[in-house]
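The values are calculated or read from the model by the stated rules, or taken from the named source; none is laboratory data. From a predicted model like this one, the values you see are computed outputs, not experimental measurements. Here the Cβ positions follow ideal geometry from the backbone for every residue, glycine too, while neighbour counts run over all protein chains shown. We work out accessible area using only protein heavy atoms, side chains counted, and drop any ligands, DNA or RNA first. Shrake-Rupley method; radii C 1.70, N 1.55, O 1.52, S 1.80 Å.
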Amino acid sequence: EANVHVVGNTVVDALRHIVDQGVELSADLEAFVGDQPLILATAHRRESWGGGIEAIAVALRHVLDDLPDHRLVFVTHPNPVARAPVTAALSDHPRAFIAAALPYTTFLALLRRARIAVSDSGGVQEEGPTLGIPVLVTRERTERDEGLEAGAVRLVGTDRRLIVDECRRILLDDTVHQAMAVAGRDLYGDGHAAERIADVLAE
């Protein structure tokens, strides 16, 4: 189609622009994460409220128990229905940090530091691969099939055992981790989508 122009994803433009400006953790998160391997988790989708989010949180608690040098930051949704299962499962764990909604720059600083992200977020499925961070998607299906096909993300749903097994596999096997980390770096564009849009419009 002569009138269709593939330019890339403007999310990548914004992401790279913000990262290039410099992103830093807050003092409390910096002190918590330190130099330890980080698991970053989010969960907000209504389809997972209640039992699904509880299963994710419990699974990640098991991962922490299995990997005593790792840290977990779980960024929760402000709705108490989504937040309560995370608090119940993780609030007493010394290597879990439950965070309320964060500024985007702080979240990107966390994502850059993470060894893996566990999330039901569409944005994280784009941001993680772009930054070279493997993503486990806690949904039964995703609208971003290209990430699956490239090998940058994996679907695990809210199956507790599958989340634990896949986390352990990616966190402990450097070959698996590296393959996922490089699979999606250019998947959503090169950071110049907006320039191409402007050029097309100017023409």
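Observations, loosely collected:
- Considering the conditions (1) in a helix (DSSP H, G or I); (2) open to solvent by 10 Å² or more (accessible area, probe 1.4 Å), ILE98 is excluded by exactly one of them, (1).
- Unique residue being under 17 Å from LEU72 (Cβ atoms) and basic (Lys, Arg) when the list is ARG161, ARG168: ARG168
- The stretch 157-203, subset part of a loop (DSSP other than H, G, I, E, B) and over 26 Å from LEU67 (Cβ atoms), residue most open to solvent (accessible area, probe 1.4 Å): GLU203
- ILE133 vs. criteria part of a strand (DSSP E or B) and under 22 Å from GLU30 (Cα atoms): no
- Of all residues in the stretch 136-156, exactly one satisfies the criterion of being part of a loop (DSSP other than H, G, I, E, B), basic (Lys, Arg) and either touching a helix residue (DSSP H, G or I) at 6+ places or on another chain (Cβ under 6 Å) or at pLDDT 95 or above (or both), namely ARG144.
- LEU90 modelled with pLDDT of 95 or more, open to solvent by less than 50 Å² (accessible area, probe 1.4 Å) and within 24 Å of VAL11 (Cα to Cα): no
- Here VAL33, VAL63, VAL23, VAL11 are screened, and the one residue that is at pLDDT below 90 and touching a Leu at 6+ places or on another chain (Cβ under 8 Å) is VAL23.
- Restricting attention to the stretch 139-156, the residues that are touching a Lys or Arg at 6+ places or on another chain (Cβ under 8 Å), more than 22 Å from PRO37 (Cα to Cα) and in contact (Cβ under 8 Å) with a residue 24 or more places away in the chain add up to 1.
- Condition check for GLY151: surrounded by 14 or more Cβ atoms within 10 Å (Cβ to Cβ) and closer than 17 Å to LEU40 by Cα: no
- Residues that are part of a helix (DSSP H, G or I) and of a type in the set (Asp, Glu), drawn from the stretch 52-74: GLU54, ASP65, ASP66
- Members of the stretch 159-181 that are of a type in the set (Val, Ile, Thr) and over 15 Å from the mean Cα position of the chain (by Cα): VAL164, THR175, VAL176
- Residue selected from the stretch 73-87 under the condition under 15 Å from the mean Cα position of the chain (by Cα) and of a type outside the set (Val, Ile, Thr), by the criterion most open to solvent (accessible area, probe 1.4 Å): HIS77
- Some residue of the stretch 18-40 being in contact (Cβ under 8 Å) with a residue 24 or more places away in the chain, assigned to a helix (DSSP H, G or I), open to solvent by less than 50 Å² (accessible area, probe 1.4 Å) and under 30 Å from ARG196 (Cβ atoms): yes
- Some residue of the stretch 92-106 being of a type in the set (D, E, K, R) and under 23 Å from SER26 (Cβ atoms): yes
- When the stretch 142-192 is filtered for residues that are over 15 Å from THR130 (Cα atoms) and hydrophobic (A, V, I, L, M, F, W, C), the ones remaining, listed by number, are LEU155, VAL156, LEU162, ILE163, VAL164, CYS167, ILE170, LEU171, LEU172, VAL176.
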